[in-house]
Every structure is written in structure tokens, then in C-alpha cells.
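Working notes, structure below.
The values are calculated or read from the model by the stated rules, or taken from the named source; none is laboratory data. As the structure is a prediction and not an experimental result, all values here were calculated from the model. Ideal geometry is used to build each Cβ from the backbone, glycine not excepted, and the neighbour counts take in all protein chains shown. These area figures cover heavy atoms from the full protein model, side chains too; ligands, DNA and RNA do not enter into them. Shrake-Rupley method; radii C 1.70, N 1.55, O 1.52, S 1.80 Å.
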Amino acid sequence: MYQIIDGKRISQEIKDELKERMEALKARGESRCLAVIQVGSDPASSVYVGNKKKACAYVGVDSLSYELPENTAQEELLSLIGDLNGNSRVSGILVQLPLPHHIDEEKILLAIDPRKDVDGFHPVNVGNLSIGRPGFVSCTPAGVIQLLKRSGIEIAGKECVVLGRSNIVGKPMAMLLLQENGTVTVCHSRTKNLKEIAKRADILVAAVGRPRFVNHDFVKEGAVVIDVGIHRNEDNRLCGDVDFDSVAPLTSAITPVPGGVGPMTIAMLMSNCVLGIQEA
Ligand code: GUN
């Protein structure tokens, strides 16, 4: 019988720990403040931003909200980021992605002070992660590591296969698994023998962005399967990158969608906000 890794429970556990930590910080006269910037009114982004603000309120992190119109000039956004960089009350800055097409995303992410980059997207933080120095780590892959650790799953010495090489998930995921002494392979759209490589994995992380792409042909008996994907299927129901029904019986543990990796992203954002830069 396989274990279902309960991301909802684990993320709640983390938020409760952070809330307690925040109370202790406040008793010492410290505070934390996250500035959240959204440009335009993409409905999915509005839901994410709303959830981030709610999580801040729960944990005890102050939040500042900037809802800018779709036609905001890049210079205006850069100037706001400059102000927030210089505002000593603001400890974290998050620019919700995607940005409108007329804004250069890379330029915006580079403008955020790496010491306030709670998303872990700035090249300084990405570089620090890759050489094992303290820095902010991208929230979703950091959440996957917490799911594994808090479910008693050992990473050291394991064959870890990451499907996907995005800057936000696949690449930092590989770095974190390596940091935990896993033996890591990264696969992508040009990988040959994808199924054979995936089938070697003791820990398989699916972050390919294709609904139910990973079926039983990709999975070794007894593997741990982590599903980072989130999609709506034909019946408007949520599903992941993994075909749960065909894969789950083969595994020793698997994350569901919803309720697996999803809730961990915001929990780890709160962790970055409360704890700041952590030892690698
Ligand atoms: N858009 C979708 N996911 C994320 C995220 O984790 N951070 C930011 N800033 N934007 C996103």
C-alpha cells in the first residue's frame, strides 16, 4: 500500500511553526513585511496574490499590496521596486508573474535587492544555491524537499530524476536534491529514452507542465513520485503531470493533485519571509 503525501497537512504544520516563530520575533520588537506587486488583473494571479496575503495575515507577516494597471510602464515598476529596496520596513518583495508582454521580466527580477528576493529568482540567489551558499531558495522546489523530509523519505544516496528544467522548478529542484546528497538526473523535452531514465528513479519529480504525462511506464516499483504539475482536465477537474490512478499503486509514496506540492509553495514563501536567508 502506498503513502499519500499530505501537502495540505504539512504546509499547515509549517505555517503554524512560522506563526509561533513570528510571535517570538514580535516579542523582541522585530517585524517582517512582504510587498506584493501585481501588474494587470489576470484572474489566476489575483487568486495566488490573495492567498499570499491571507498566508501573511495568518503567520503574522505584515503585507503591502500594489495592484498596478495592465498598462503600467516598465520604468514605473522599476521605480516602485527601487523605493521598496530602499524601504527598511520592507523585508521581502514579490512581483507576481507573468508580467504583461511590454515589460521585460528579467530586468524586473534583476532589479529586486537579492536580500529581499523571497521568491529566490534573482541570479545572485540562484548562483548561491548552485554553490551551496546561504540565499533565498525558489519556493516550490524548497517545498518538495520539506515534503520528502517531513514524510521520513531519505534523499541521500537515492537515484533522483527530475522531469523538467525550468528556472523556477526543475533546475533549483536538481540543485536541492544534489545538496541533500541525491544522485540527480535532469530530463527535458529533448531527452532520449525518457521512460527508461525515469524508471531508474527512487525519487521521481514531475515538472513537465503536461497533464497526466507520467504514466505507469515511467515508474519503478516502490518509487516515490512527486507531482509539481497543476492543470484542469476535460471535466474541469484539477490534475497533475502524473496519471495518479495508474501510477499510485506502483509507488511507495506519492503526492496528490490538489493537496500535494501546491500548498507547499506559499508555506515556503512564508518561511522565506519569516526566517530570511537560511544556511544552505
Ligand atoms: N507565478 C506563478 N508562480 C509564481 C511564484 O512562485 N512567484 C511569482 N512571483 N509569480 C508566480
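Which condition from (1) over 30 Å from residue 57 (Cα atoms); (2) within 16 Å of the ligand (Cβ to nearest atom) is the one that residue 206 breaks? Tallying (1) over 30 Å from residue 57 (Cα atoms); (2) within 16 Å of the ligand (Cβ to nearest atom), residue 206 fails exactly one: (2).
Scanning region 210-221 for residues that are within 16 Å of the ligand (Cβ to nearest atom) and touching a residue at least 40 places away in the same chain (Cβ under 8 Å) turns up nothing. Only residues that are out of contact with any strand residue (DSSP E or B) (no Cβ under 7 Å at 6 or more places or on another chain) and within 16 Å of the ligand (Cβ to nearest atom) were counted across region 47-69, and they come to 6. Looking at (1) outside any loop (DSSP other than H, G, I, E, B); (2) more than 15 Å from the ligand (Cβ to nearest atom); (3) touching a residue at least 24 places away in the same chain (Cβ under 8 Å), find the lone condition where residue 83 falls short. So the condition that residue 83 fails would be (3).
For region 63-80, the set of residues classified as of a type in the set (S, T, N, Q), open to solvent by 40 Å² or more (accessible area, probe 1.4 Å) and either part of a helix (DSSP H, G or I) or in contact with a Lys or Arg (Cβ under 7 Å, 6 or more places away or on another chain) (or both) consists of 63, 65, 79, listed by residue number.
May I ask you to verify whether residue 149 is touching a strand residue (DSSP E or B) at 6+ places or on another chain (Cβ under 9 Å), without any contact (Cβ under 8 Å) to a residue 60 or more places away in the chain, closer than 25 Å to residue 226 by Cβ and charged (D, E, K, R)? Answer is no for this residue. When residue 155 is tested against (1) assigned to a loop (DSSP other than H, G, I, E, B); (2) closer than 19 Å to residue 132 by Cβ; (3) open to solvent by 30 Å² or more (accessible area, probe 1.4 Å); (4) among the aliphatic types (A, V, I, L, M), only condition (3) is not met.
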